[in-house]
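Structure first, commentary second.
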Amino acid sequence: MLRVTTDRTDANVEPNWLTPAEQRAWRGYMDGNQRLMEVLNRDLQDFHDLSLADYRILVLLSESPDGSLRMSDLADGVLSSRSRLTHQIRRMENEKMVTRDTCVEDGRGVLAVITDEGRRRLATAAPTHVAGVRRNLVDLLTKTQLKVLAEVFERVDRAIGSR
């Protein structure tokens, strides 16, 4: 049985143990999510020499009106620490997928900017990624299940994001 306290601040509180149904849902999510992320990452690595994390960054930058985002906003968008993102952007800069620039508005902020090479790599990788998402998730679910999945994780994101 999963042994986790419900209140992280008080180890003396009796845990509210997961029921078998709750445990089944939790473990199913953990295992399925890990396998899904691994296969999507492997496809991008094997066919395009990109990580799933690189792909997410390129997508977010390509979707911004001018192809750039402040590093702090990009870190929030990819759910990464700023230091981890800085290392990743540095590596992507070495591969000519992004550049860094100063933020004109305040002169202190740093922008990540997608390059033509980054756009080319994204355009080449996108069909592989979408096919993997479709094959390994979307096509396995009904429209109702997809709607529920979206609602569930939007709710989780709102609850955790507001803490």
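The values are calculated or read from the model by the stated rules, or taken from the named source; none is laboratory data. All values derive from a computational prediction rather than experimental measurement. Every residue, glycine among them, receives a Cβ derived from its backbone with ideal geometry; neighbour counts consider all protein chains shown. Just so you know, the surface numbers come from the protein's heavy atoms only, side chains and all, with ligands and any DNA or RNA stripped out. Shrake-Rupley method; radii C 1.70, N 1.55, O 1.52, S 1.80 Å.
Descriptive notes on the structure:
- Net length available on complete extension from CYS103 to LYS147 is 12.0 nm, with 0.36 nm assigned per residue and the Cα-Cα distance removed.
- Dipole in debye (nearest 20) - the stretch 92-163, about Cα centre, beta carbon charges: Lys, Arg +1; Asp, Glu -1: 380 debye
- Computed from Cα atoms, the angle from the helix 20-48 axis to the main principal axis of the chain rounds to 20 degrees.
- The chain: angle of helix 116-136 to the longest principal axis, Cα-based, in degrees nearest 10: 20 degrees
- Sorting the segments 29-35, 112-118, 64-70 by their mean number of nearby beta carbons within 10 angstrom, highest to lowest, gives 112-118, 64-70, 29-35.
- Principal-axis analysis of the Cα atoms of the chain puts helix 52-63 at an angle of about 60° to the longest axis.
- For the stretch 49-121, the per residue solvent-accessible surface stands at 57 Å², with DNA, RNA and ligands left out and a 1.4 Å probe.
- Rounded to the nearest 0.05, the FRET efficiency derived from the C-beta distance between GLU95 and ARG42 at R0 = 25 Å is 0.85.
- Burial order of peptide ranges 137-150, 46-59 (average beta-carbon count within 10 Å, highest first): 46-59, 137-150
- Of the accessible area of the chain, computed with a 1.4 Å probe over protein heavy atoms only, carbon and sulfur atoms account for 53 percent.
- Extension gain, ARG24 to ASP73, is 14.1 nm, computed as 0.36 nm per intervening residue step minus the present C-alpha separation.
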